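Okay, so here's the structure we're looking at.
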Amino acid sequence: MAGALHDMMEAARDEAERAGKLGGESAPAGHGGHPGGHPAGIPKVGKMPDFVKKMLEKGEGAGGHPGGHPGGHPGGHPGGHPGGAHKHSAAGRGMRPGGGEAAQAYEARTGIKAPRIIAWEITRSCNLSCAHCRAAAEFGSYPGELSLDEIKAVIDDIASITNPILIVTGGEPFMRPDIWDIIDYAREKGCMPVVGTNGTIITEDIAQKMAEHGITRMSVSLDFPDAERHDGFRGLEGSFDEAIRGIKLAQEHGVGVQINTTVTKQNAETLQDMHDLALDLGAEAFHPFLLVPTGRGENLRDIELSPEEYEEVLTWAYYKQKASPMHFKPTDSPQYYRIAHQKAREEGSKVSAEQYGMEAMTRGCLGGITFCFISHVGDVQPCGYFDMQLGNVKERPFSEIWTDSPVFADLRDYSKLKGKCGACEYKGVCGGCRARALSATGDYMEEEPYCAYVPRALRAGQGEVMEAAEMTEAEGVES
């Protein structure tokens, strides 16, 4: 695999160089759109499966955006993301998650940043049985799920301190009948609800309701570029075709689509094909998720990438996002931000807001810092993979848990990081995956177990470490 990943990484670098995106160079003018294909001037490295091409030609897939993606992507942008916020994104709608009056007042009062994104598992029930599922979700009812009235009360409390993006997820969120009441109430209170779904049960009616209830974007998981392997991973024959059909229906009603791909040894070499599939389906965003072995994912440790393979996949992502017209963001992979800073410096550039937009103003692991997760029964966690309950909203207000949890306090204090994460000059932009540390060692502040980088402090003098840390700080990284 190592040779194939290296070749894929080099191909992405060559592509970025041909597009004039290395060394801080400006983007070429205009890609010319991609009606069912790829932007002019960007060579296609991977190969689209023939059966997917046929589905697209017959109108069974999503097609693409003749004349380019909606919202305008003039020439992409020097860092790779579209030159301007997409109309379906928070920025594109003039929203600053976690930046409203309540959030500003909360931070002024407590010194703690308000959450900007909250993922809420409104139900654990699911029609699939995916091999990697952190929730080990199954079809059927789960006892103790929050009622609609309880959810509304929690939304009231959340709105008292912040105006976040609210990821309505599961399980499969569309299996909860009152999902539209939840979405409407969240929006009424100033949140921006989006939906995370497997896409397989989206009907014409559901797609229309998403549009009617103001859902501007949904994420759909596709893990392989062909039906046989995707269906095997997701545990249901036909799930690939049904997900693509759901994507098309949503897009026909004006709902933007983000494609998520969980990366393992089984599909790492297909990431170029997955990117191309997302592009051909007209997706606005592509987010590769690096596997965190929790829930049923515990059984996938044998196919989890090695630290060296993580490094190559994330380096591929760094180069690939430069020439991609989609918003491209590796997730559950805080090392990506360290790699981005390293590679930018090698190119004589830096990770700046002018080149990378908001991606330059954040860090890798945001669990407990500006992101958190609420389970179907009301347990609050730093993220869905972080298997530790820090309080329950049935027993204590969310705002108090966010403010007072000792675990959240630890995660916000980078000086408490241990091992090579604690010694690393990039801890301000990376921080390591705290969920992986917890899963592997039982200590959430231990070093990231799947990082190949050796910090300067473990290789050289302390002065070099301080110099690197100061350079990173000077680039304006925020939590």
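Side notes on the structure shown:
- Residue count, segment 438-454 (criterion: modelled with pLDDT of 95 or more and open to solvent by less than 20 Å² (accessible area, probe 1.4 Å)): 1
- For residue 406, the criteria (1) within 23 Å of residue 344 (Cα to Cα); (2) modelled with pLDDT of 95 or more; (3) open to solvent by 60 Å² or more (accessible area, probe 1.4 Å) hold in every case but one, which is (1).
The rows are residues; the columns are (1) farther than 20 Å from residue 222 by Cβ; (2) at pLDDT 90 or above; (3) assigned to a strand (DSSP E or B).
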position	(1), (2), (3)
293	yes, no, no
314	no, yes, no
337	yes, yes, no
348	yes, no, no
359	yes, no, no
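- Number of positions in segment 176-211 that are in a helix (DSSP H, G or I), open to solvent by 40 Å² or more (accessible area, probe 1.4 Å) and either closer than 24 Å to residue 287 by Cα or of a type in the set (Val, Ile, Thr) (or both): 1
- The set of residues from segment 212-233 being open to solvent by less than 50 Å² (accessible area, probe 1.4 Å) and in a helix (DSSP H, G or I) comprises 227, 230, 231, 233.
- Flag for residue 400 being open to solvent by 10 Å² or more (accessible area, probe 1.4 Å), in a loop (DSSP other than H, G, I, E, B), charged (D, E, K, R) and more than 30 Å from residue 16 (Cα to Cα): no
- Residue 236 vs. criteria open to solvent by 10 Å² or more (accessible area, probe 1.4 Å) and either in a helix (DSSP H, G or I) or touching an Asp or Glu at 6+ places or on another chain (Cβ under 9 Å) (or both): yes
- Pick from segment 229-264, criterion touching a residue at least 12 places away in the same chain (Cβ under 8 Å) and of a type in the set (D, E, K, R), ranking: farthest from residue 317 (Cα to Cα): 252
- Single residue of segment 262-279 satisfying the filter (among the charged types (D, E, K, R) and part of a helix (DSSP H, G or I)) that is least open to solvent (accessible area, probe 1.4 Å): 276
- Residue count for segment 326-335 satisfying the condition of being open to solvent by less than 10 Å² (accessible area, probe 1.4 Å) and not in a helix (DSSP H, G or I): 5.
The values are calculated or read from the model by the stated rules, or taken from the named source; none is laboratory data. No experiment lies behind these values; they were computed from the predicted model shown. Glycine also receives a Cβ, built like all others from the backbone with ideal geometry; neighbour counts cover every protein chain displayed. Side chains included, ligands, DNA and RNA excluded: accessible areas come from the protein's heavy atoms. Shrake-Rupley method; radii C 1.70, N 1.55, O 1.52, S 1.80 Å.
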